[in-house]
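To keep things clear, I will list the structure first and then write my remarks on it.
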Amino acid sequence: MTDMQRKISRRELLKNTTAAGLATATAFVPMHPAIAQQAKVKIGLLLPYTGTYAALGHNITDAMKLGLAEAGNRLGGREFELVQLDSEADPAKAAANTNKLIVGAKVDFLSGPVHSGVAMAMAKIAREEGTITIISNAGANAVTREMCGPNIFRTSFSNWQVCFPMGTEMARRGLKRVVSVTWNYAAGKEMIGAFREGFEKGGGAVLKEILVPFPNVEFQANLTEIASLKPDAVFAFFAGAGAVKFVKDYAEAGLKARIPLYGAGFLTDGTLRAQGSAAEGVFTTLHYADGLKAPANTRFREAFKKATGRDADVYAVQGYDTAQLLIGAMAKVKGDSGATKALIGAMEQARFDSPRGQWHFSKSHNPVQDVYLREVRNGDNAVIGVAQKAVSDPGTGCGTA
Ligand code: BEZ
């Protein structure tokens, strides 16, 4: 089956399955390139605006808007429109939501999501449809491994990339027996898996991997189990409102003083105000830290604060970089959003000063970036070292990696 045949048969299927898809799919008439040039560029955003990941979705969106405003609110000279859709961080709704944006709203570019399960469904459809897609958070490894595609880019991280270095670091610190705890879905399982890989390589052992249903925040039974296992340390992945609750519960249960808490950086990013003293002393690894000294970071943090009244975090940085990628590529093709090949080429070559530092894409379209070791000190994710420099996801199974 050719790509075009696949595209048509998918659209035929959609005609029979969604009323919105039917109306827009049958009315679809290809635009003359000159007319397409005059219309607004449409960017579909599939992000969580409600639920445990709502704050993440808002920071990504607002930082994208900031980046676009700084570029004069034009993409390659053209006006644009952001078509925002609440993903609810719900994988069950992800295919329908992606179709609403690609087939219904006919977006030129697609971006989001936060949740790895949503990303898998979104990337599969985007790959089939050929829509240029920029993943602005979700770390699902497969997206830049076996599911990779020429039109799929990620400005954030892979789940492996941010957690493997922590496994190595914890082993280097002489920790031997660790318990890991996370939500039971792709991101959580891949993060604790990557941590385990690094930790076991360094001679450590994982006593137990505790999986909590997503987005459950009732942790008491899990904390009791951790206390009874008496590990040297705990490694955790939670994010957003769930991370706030876990870190507070961990401290309130009296565990922090006895069993040091480590985690993927999402555990303490964008959450510190709400976590208060409970987060002090928590160690994490991430591809960003608030206090990075690069001028691009200082300037971005000030601009984000001024625009939103909130402090920037890793999610805001990823949204901002997503905008930079789009701005640069659309400038290269002088606003011709239909010039897919040239746009992809421009994105592949993109090099810019991100607030997190200089980075570039690997062959599988995932950033190659430093992963920092951070400790929460005085309400800040202080950088105490680089856990691993220029980390590249292995890109296994991609074919281009
Ligand atoms: C994920 O599902 O990939 C994810 C969600 C929140 C923070 C980091 C990763």
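The values are calculated or read from the model by the stated rules, or taken from the named source; none is laboratory data. Everything numeric in this text was worked out from a predicted model, so none of it was measured. Note that we place each Cβ from the backbone using ideal geometry, even for glycine, and neighbour counts take in every protein chain shown. For accessibility, only protein heavy atoms count, side chains too; no ligands or nucleic acids. Shrake-Rupley method; radii C 1.70, N 1.55, O 1.52, S 1.80 Å.
Worth a mention:
- Cysteines in the chain that, by Cβ-Cβ distance, have no pairing candidate under 4.7 Å: Cys163
- Relative contact order of the range 160-286, pairs being alpha-carbon contacts under 8 Å that are 6 or more residues apart, as %: 27
- Computed over the range 39-187: relative contact order in percent, which uses C-alpha pairs under 8 Å that are six or more apart: 21
- Spin-label model distance (nm) - Glu197 vs Asn378, 7 Å beyond Cα toward Cβ: 3.8
- Solvent-accessible area of Ile384 with every protein chain in place, 1.4 Å probe, in Å² to the nearest 10: 60
- For the chain, a crude dipole built from +1 on the beta carbon of Lys and Arg and -1 on the beta carbon of Asp and Glu, taken about the Cα centre, is about 460 debye to the nearest 20.
- For the range 227-316, accessible area per residue (1.4 Å probe, heavy atoms of protein chains only), Å²: 37
- Loop-located trypsin sites (Lys or Arg not before Pro) in the range 189-292, at most 11 other Cβ atoms within 10 Å (DSSP): Arg258
- Geometric extent, Cα atoms of the range 107-170 - Rg, Dmax (angstrom): 12.3, 44
- Within the accessible area of the chain, the carbon and sulfur atoms contribute 55%, probe 1.4 Å, all protein chains present.
- Taking the chain and dividing mean pair separation by its residue count, relative contact order in percent (alpha carbons under 8 Å, at least six apart): 17
- Centre separation in Å (Cα based) which lies between the range 324-338 and the range 45-121: 18
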